[in-house]
Every structure is written in C-alpha cells, then in structure tokens.
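Take a look at the structure set out below.
The values are calculated or read from the model by the stated rules, or taken from the named source; none is laboratory data. Keep in mind that what you see is a predicted model, and the values were worked out from it rather than measured. So basically every Cβ, Gly included, is an ideal-geometry build from the backbone, and we count neighbours across all protein chains shown. Quick note on the areas: whole protein, heavy atoms, side chains included, nothing else; ligands and nucleic acids left out. Shrake-Rupley method; radii C 1.70, N 1.55, O 1.52, S 1.80 Å.
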Amino acid sequence: MTLPEPDPPPGEPARPVPAPAAGGAAAGAAGAAGPQPVLVEDHLERRIRQPIDLLRCIVSCVELVLLAVVGLVATATTRGVETNIVEASRRLPYTALAAARPTALFALLILPVALAGRQLVRRQGRRLLEATATGVLTIAAVSVADTLLRRGYAVHLYAAITMSRPGASHITPLDAYLAGVVAYTTMIGLSGRPRWRTALWLIVGGYALVNLAALYATVLSLLITLLAGRAIGLGVRYAAGSMSLRPAAAEIAAALRTVGCHVTEMRRVPPVGAESRRYAATARSGERLDVCVYDRDQQAAGAVYRLYRLALLQDQVSHPAPLSVDRTVERRALLSYAAQAADAPAPRLRALVKAGPEATVLALEHHDGVTLAELDRSPTDAELSRIWDAVGLLHAHRITHGALTADRLLLAAGGRALLLDLGSGDVAATDLQVRLDLAQLAAALALYAGPDRAADVVLRKAGAAAVAVVPLLQNVALAPSTRAALRRRKDILPALRKRLLAAAPGGEVSPVQLERIRLRTVVTLVATVAAAYLLAGELARASLGSVLREADWRWGIVALGLSALTYVGATWSLMGFVTERLSFTRTLLAQLAGSFVTLVTPAAVGGAALNIRYLQRRKIPAPVAAASVGVAQVVAFVIHILLLIVFVAVTGTAGGHSFRPPTWVYFVLAAIIAVALGVLAFPAGRRLLRARLAPALGQVVPRLLEVAQQPRKLAQGIGGTLLLTTSYILCLDVCVRALGGSVPVTSVAVVYLTGSALGSLVPTPGGVGAVEAALSAGLRAAGLPGAAAVGAVLLFRLLTFWLPVPAGWAALRYLERRQAL
C-alpha cells in the first residue's frame, strides 16, 4: 500500500513528493522514461529530541556547579578580580556610565522583540510561543533562586556570588531577565545564523560590562546567570523536542538516484545500529537494499554513555566514539570497505550519499535470514561453527566487529553466517581488541546455545588460545544488550569461565584490568573524604601527641602485646579452615602483610583478597581458596554477632553501670530493620537476596562440612577467631585504662563489636573515620568523658592499625620475593 508523506511541520515549506504509482505495472512503465515514482511507507516524526541538547544541558549544569564551588573555595581570587574591575570602572566618566546602562538595557529589550518578528515572518509561531514560555519560566526560576540565596542557610554562597561580606543584601545575586533572554534565544536556536548570534553576544557583552562597571553585578553572578539561562533553555528544548527537518523517504530515494542507485520502494523498519532511521528498499533491478539514514539531529546520540565508558575503561576497550554524524558514517563505511576487501561475510556497501544538509545515507545489500536473537530453537553446532568462522575471517585481517550481539549474527539462506552492522569495530586491531571481540562472541553464543556448547566451539576453533578469552569475560567488557541478558541469567558467565578454565594448565589465568577506575574506587574515595572529615573532628578534641604523653606506658606495652596477639589469632583462624597444611610463619606474615593492604583498600576486602592469593600460591585451587576464606569470614561473622548478643545481655543485666547509646543509633537501627523488612517483603527483593547469597553459600557450606570432619582443624579455626576478637576487645580496654579511664569490660566489648561492624560496612581504607567516630561515641555512651574516650580510641587505632603498617609492608615485600604472594 502506498502511504502519503506526512504534512510538513508548521512554518516549514512543503517538500515535493513524487506522485505514487498505481501499482507494479505502472511503476515498471514509468521506469523506462525518466524518474520512476517511489512507493513510500514512512512515518516521519514532527518533533524530535536532539541528544546534543541533553549533552549541552549537562555540561552547562556541571559548569554551573563548578562556578559555585570556585566562588566558595577561591573567594580571595575572585574578590581580587572584582576589585580590579571596580578600580577600572572608577576611571570612567560618570555621565558616560549613567547613559550606557539604559542603552544596554534597551538593546537587551529590543533583541527578543526583533527575534519574535523574525519568527512571525517565517510563520514559526509555535516555536515563538514555546520560547516565550521558556523565557518566562526561566525568569520565575531565577527569581526563586534569588530569594533562596538571601536566606540564612545560603549566606556563604550569596557572599561568594555577590563578592560581599556575609549579611549584605543590597546586591541581587542573579539577573533574572538576562537569564530569561538567554533561555529564550536558546529555545529559538541561532545555529546557522551567525549575524543573529553575533548581535546577541555583542548586546549581552555590552550589558554585562555596563553592569560590572556600575557595580550592579559581579563576574561570578553574570557567568552563573548566563549558564542558568542556557541550561534551562536546553533542558526545555530537549524535553519538548524540536521541529524535525529530516528529509523524507522520497528525498532519500532521489539522493540515491544521483549515484546510480534507482530505488522504487521505501518501507520504514526499526533501526538496528547507530542509525536514526532504516528503510527496506527495492531497486529497479529487483535487488533489495537496507537503507540506513544518519540524521544530523541525532548528533551526539548516546554521548553521555560513551563518555562514561571512555572514562571508566581503558582506551583499547572503549575507544573514543565519534560525536558527529559524519565521523560515524565515515567509520562505518571504512569498516564495510575493509570487510569487503577481506572477503568477509558481511553485507556489501552499495551507495553512500548525502540527502540534503541534514542526513547521510548508506545503502547496503539485503540478505534474507534469521538472526540468532530471532531463532526459535537452539542453534546447531554447525551454525555455531559457521558464526565463529565468519568472525575468524574478519579477525584474520585484523578487523574487529565491536558489537557481536545476537541480533547482529545472521543465519542466511544457504547455511551462511553473516555479520551485520559493522560500525563499532576497528581496523588494524590490536590483540586485546581481537580478544575482546571473541569474548563478546563467546558470551552471546553461551546465552543462546548454553555455556557448555559455546565453550566446546571456542575450544575447538581457538584451541589453546581460548584460555586468553577467559580473563576478558567480564560484564564491563560486554555489549549493553548482552550484559542485560546476563543479569537475568547469572549462571551463564561463571559456567562458561569454569568450562574454559578446565583447559588451562593449573586452572588459572592472569587477570586483565580493563577499567581505568572502578565504581568501588570512586565510592571509596568519596567515603574516605567524609571519613577524613570525621577523623579531623575527633582529632580536634584530643591531639595524638598529648595522648602519648598522658598514657601510662606500662598499660601501653600490654596493649601492644594484645595487638600482636591479634595476628596470631588471624593465622590460626585461616589455618583452621584450610584442610591443607600451611606454614605457621608464612601464614603469620601474610596476615601481617594484610595490615598494609588494608591501608589502601576497604576494611574486610583487601585482607580477604590477599589471603586468597596466598592460598593460591600454596597450590590450592582458586575455588577452594575462595571457599576457605569465605568459611573463615562467615564463622567470624557468626561469632561476632553471638558475642555482641551475649555482651549486650550481660551489660543490660549488670547493676551499677548504664550504657545509653546516642539517639541516632536507634534511628540507624530502625532504618536498617526497615530496609531489611522491605527487601524481604517483595518477591523481587527475595530473589535478589537469594541470587546474592546462593553462590556464596554454595561454596562455603561444602567447605565447612569438609572442615567439620576434622575436629582439630575446626577447633583451631574457631579458637583463632575467638582469640582475634578477644584480643581486640582487651586491647581497647587496656587503652582506656592507660589514660586513666574505667569502663566495664562488657561495655567495652559492646563498643568494639559495634564499632568494628560499622567500620567493615563503610568503604574506607581500614574503616578510617567511621571506626574512630563509632568507638568514641560508644565509649562516651558507656560513661567515659569525651576527651578520654577520643584519646583511648586514638591510642587503640595507633597500636592496631597504624603501627603495624611498616611491618606489614616489609612482610609483603618478603613474601613477594619468595613468590608466596
């Protein structure tokens, strides 16, 4: 059926559309004499959201925040700049300054009126109405911001913006009308109109200079005003959408005709790759084509995600994808020509042409078939082999695909396998990029054929080189659609790794670091800054020097001995839950090395990783090592909770002593209980909890049962855990006594058990900041004066956390030289 072209957007000239043919016979007759009418089935959008608007809005918001931070932090510098401007303005004649301000204001009033007349002449009344509403909205929002900045809670930010002392209120922080004009012109859009854009910046620049000279504004307030207006204008323009200037299907067909590709039918189909539109086309010769259209309004589509990946991953893992449409098309054309030269099974590029100034069109040959994602059955081994061979032919010429997802693997007629949408790969690819391509392919095949059959294909085709794919089977290295599918089937990737690792000598491969920076590292950094702030508050109450001078050195020696005893307990705990024989000395050195590792990793994370590595070096398989360390951690957690319950009960029944936790503790406990109940109340929460706990329990429980068959080992593990916890409790108690305090040991136990639990939850190195704050608050709640509580905690942390660090570094270096780590 032939559908008419949609009406043009309001204010836009109508596009010429060739008269549709009445049928196939008429179309064939018309083809002999002149241009043949095109059968069109299209659905052009009237309004579209341009990704570049969202990207610019985000950048403007970031710049806005940075300016506010600079104003707060670099007050002296900004005030110096403002002083220079004031001094320069005093040299200007008063009459000239008095006349300039009304002139600049009048020009700023005339500009929106002139733009409004231009829009009305062009019959773009709807865009003018939207721009006016956006300007009014911006004026209202900035006026509200002005009111909020005058409040007491924003006094420092107000002072930074206005360059005035706190309490001064004679300067308006932001210029609401100027922000409204900027948002108004942003909504209209002056791109491609250099004269209007130049006039805008000249008028705004003159208005800004006059207000600065007259001391009605500051540099910071004007910059924030301009950015606020731009951010609001871009945000509204993205949310409301812009009028579409995309060429219609008939115009695209006409553009293809200029390069000898005579199209007689165009039918809109859903896009697959980075293109914004795709058409199923038929040429005059009867050949079917896939026409991919890259519209300029989709420039920077997905840029935020790509920039995030670029910052997160190494360059070869996530190369900087082009933001412009032209660069995207050039990249895809280059890959298509490279695949064609390599005789790789991929659709051939038939035409590449521009359709006016707003779109670029690629026409590729069409192949009938079904993609792996559309297959209603499990693929056969022969089909899996053909897919792997197709990718291998591409890799043989150092070309990668870059996005080998199931919807891009086509099983065509005649038993062939084709690779669709070559637009994300590389030419002259490195070994790492080739291995990443294979890892993505292996994960995609495992989703649809199962991990065992996918691993069989990888091992059969790649041989010993298949092991090199294993370290790259990480979620962060896979395509978004594959990652989403693997989140729903969490067992696929571990099973695939395990099956491939079985072919590796010793069942171990070297890990590959793909990320520049991990999300955990960012969270740790933020938490560390907050912890440093808490620690600084504690240090303000008592300096470490005064604590050392006032402490009784005899109790200090006892506390130091108890700190050393904790490493003996940790050693026995690990040795007890490992059925293999371990050297006591080397295991003790490994625990001591953990004190250095904990300095740069979150509590209870670095030590566990170091123990697993130590056990692997002792020829213990990686799964067994992880299970052994997991058993030790689970037993330690259970004993920790049991001891906390016991000591809380004992403290509550003891007479003569009261232990009153701060009020905020009850709110925290209530919040934790509410979150736990909320998770358990919904099936999705229970499934998530089960998915998190089931793999760990699946490793820990069998190992625990194995250890339980050796009572001596079990007693050693539990005894080491008890010795570790008891030594820490007594060390804290002795530190309290070293500073002349007196608190029941049961209360000290409750304080330590609670504080260490909080420290393990907060992702800071060794729980710095959180442990100090929690222990200090706990000791004060137990009745110890504030200064004495802080001093005892500082002494405790010095002996148990900071003092062992040099010895831990030496132990780590020794074990590394001995290849024990």
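Restricted to the stretch 215-237, and to residues that are of a type in the set (A, V, I, L, M, F, W, C) and over 17 Å from Ile161 (Cβ atoms), which residue is surrounded by the fewest Cβ atoms within 10 Å (Cβ to Cβ)?
By that ranking, first place goes to Val236.
If I filter the stretch 267-286 for residues that are acidic (Asp, Glu) and at pLDDT 90 or above, do I get at least one hit?
In the first step, residues of the stretch 267-286 are kept if they are acidic (Asp, Glu); the result is 275.
Now drop any that are not at pLDDT 90 or above, which leaves none.
No, that holds for no residue.
Can you name every residue in the stretch 604-632 that is under 19 Å from Phe801 (Cα atoms) and modelled with pLDDT of 80 or more?
Those that are under 19 Å from Phe801 (Cα atoms) and modelled with pLDDT of 80 or more: Leu610, Asn611.
Would you mind telling me which numbered condition in (1) open to solvent by 50 Å² or more (accessible area, probe 1.4 Å); (2) touching a Leu at 6+ places or on another chain (Cβ under 8 Å); (3) modelled with pLDDT under 80 Val707 fails?
Result: Val707 fails condition (1) only.
Please name all residue pairs, on different chains or six or more residues apart, with Cβ atoms under 8 Å, provided the first residue is in the stretch 344-355 and is farther than 12 Å from Ala390 by Cα and the second residue is polar (S, T, N, Q) and open to solvent by 20 Å² or more (accessible area, probe 1.4 Å).
Pairs found: Arg348/Gln340; Leu349/Gln340; Val353/Thr258.
Is there a residue being more than 21 Å from Ala810 (Cα to Cα) and either part of a helix (DSSP H, G or I) or modelled with pLDDT under 70 (or both) anywhere in the stretch 594-603?
Checked the stretch 594-603: no residue is more than 21 Å from Ala810 (Cα to Cα) and either part of a helix (DSSP H, G or I) or modelled with pLDDT under 70 (or both).
Give the residues of the stretch 42-62 that are under 19 Å from Cys292 (Cβ atoms) and among the small types (Gly, Ala, Ser), sorted by residue number.
Listed by number, the list is empty, since nothing qualifies.
Residue by residue through the stretch 412-426, note down the ones that are part of a helix (DSSP H, G or I) and either over 26 Å from Cys292 (Cβ atoms) or in contact (Cβ under 8 Å) with a residue 24 or more places away in the chain (or both).
Matches in the stretch 412-426: Ala413, Gly415.
Quick one: Gly241 ticks every box in (1) at negative phi; (2) touching a residue at least 40 places away in the same chain (Cβ under 8 Å); (3) not β-branched (Val, Ile, Thr) except a single one, so which number is it?
(1)
Quick check on the stretch 258-279. Is at least one of its residues open to solvent by less than 40 Å² (accessible area, probe 1.4 Å) and in contact with a His (Cβ under 9 Å, 6 or more places away or on another chain)?
For the stretch 258-279, residues open to solvent by less than 40 Å² (accessible area, probe 1.4 Å) and in contact with a His (Cβ under 9 Å, 6 or more places away or on another chain): absent.
Looking at the stretch 556-577, can you tell me whether even one residue there is part of a loop (DSSP other than H, G, I, E, B) and either aliphatic (A, V, I, L, M) or modelled with pLDDT of 60 or more (or both)?
Checked against the condition, which is being part of a loop (DSSP other than H, G, I, E, B) and either aliphatic (A, V, I, L, M) or modelled with pLDDT of 60 or more (or both), the stretch 556-577 yields at least one hit.
Quick check on my filter: what residues within the stretch 46-61 are part of a helix (DSSP H, G or I) and either among the hydrophobic types (A, V, I, L, M, F, W, C) or within 17 Å of Ile232 (Cβ to Cβ) (or both)?
If the condition is that a residue be part of a helix (DSSP H, G or I) and either among the hydrophobic types (A, V, I, L, M, F, W, C) or within 17 Å of Ile232 (Cβ to Cβ) (or both), then Ile52, Asp53, Leu54, Leu55, Arg56, Cys57, Ile58, Val59, Ser60, Cys61 are the ones that fit.
Go through the residues of the stretch 415-424 one by one and say whether even a single one is crowded, with 19+ Cβ neighbours inside 10 Å, of a type in the set (Asp, Glu) and at positive phi.
For the stretch 415-424, residues crowded, with 19+ Cβ neighbours inside 10 Å, of a type in the set (Asp, Glu) and at positive phi: present.
With Asp315, Asp290, Asp295 as the choices, which residue is farther than 13 Å from Ala363 by Cβ, among the acidic types (Asp, Glu) and either touching a Cys at 6+ places or on another chain (Cβ under 9 Å) or at pLDDT 80 or above (or both)?
Working: Asp315 fails: either touching a Cys at 6+ places or on another chain (Cβ under 9 Å) or at pLDDT 80 or above (or both); Asp290 fails: farther than 13 Å from Ala363 by Cβ.
Every option except Asp295 fails the conditions.
Output the residues belonging to the stretch 336-365 that are open to solvent by 60 Å² or more (accessible area, probe 1.4 Å) and under 22 Å from Ala406 (Cβ atoms).
none
Which one is modelled with the highest pLDDT among residues in the stretch 366-386 that are charged (D, E, K, R) and open to solvent by 50 Å² or more (accessible area, probe 1.4 Å)? Give the derivation first.
Looking only at the stretch 366-386, we keep the residues that are charged (D, E, K, R), and these are 368, 374, 376-377, 381, 383, 386.
Filter once more, so that each one left must be open to solvent by 50 Å² or more (accessible area, probe 1.4 Å): 368, 374, 376-377, 381, 386.
Values: Asp368: 89, Glu374: 88, Asp376: 85, Arg377: 88, Asp381: 89, Arg386: 92.
So the residue we want is Arg386.
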